[in-house]
Amino acid sequence: QVQIVESGGGSVQPGGNLRLSCQVSGTQFGSAMGWWLQSPGSQRDVVVSFKRDGSTNHHDSVKGRFTITRNNAHNSLDLQMKNLKPDATAVYYCNFPPITPLGARWWGQGAQVTVSS
């Protein structure tokens, strides 16, 4: 049974930093993995991801501020977020892109990030 568990969320002031972690179990750690965010009332959108060739894809709004790293030996994926802005307030999830009907069953509980002064 695949389980994805996100951790590391919290509240920070604008300009602050946070690091999120994702632990995957029950399946082979995929070459393509990524982080999504979902703001209240909005759809879930990919923020940054590893593609199958190992390169990364960043949403324009986070380029230069968000960094994705992975530890294949530990089946973990991290997201370092710097210089956070209020619009980063959301629940963050990790999963395997592209999201298949099976992958859609693997969403974890997410990690809440709140950026507010």
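Just a few scattered comments:
- Take every Cα pair under 8 Å whose residues are at least 6 apart in sequence, average their separation, divide by the length of the range 1-75, and the relative contact order is 23 percent.
- Between Thr27 and Ser116, the C-beta separation translates, for a Förster distance of 30 Å, into a calculated FRET efficiency of about 0.25.
- Solvent-accessible area of the range 1-68 (1.4 angstrom probe, protein heavy atoms only): carbon and sulfur portion equals 43 percent.
- Surface exposure of the chain, expressed per residue as accessible area with a 1.4 Å probe, stands at 54 Å².
The values are calculated or read from the model by the stated rules, or taken from the named source; none is laboratory data. None of these values were measured; they are calculated from a predicted model. Ideal geometry is used to build each Cβ from the backbone, glycine not excepted, and the neighbour counts take in all protein chains shown. Remember, those area values only see protein heavy atoms, side chains included, never the ligands or the DNA or RNA. Shrake-Rupley method; radii C 1.70, N 1.55, O 1.52, S 1.80 Å.
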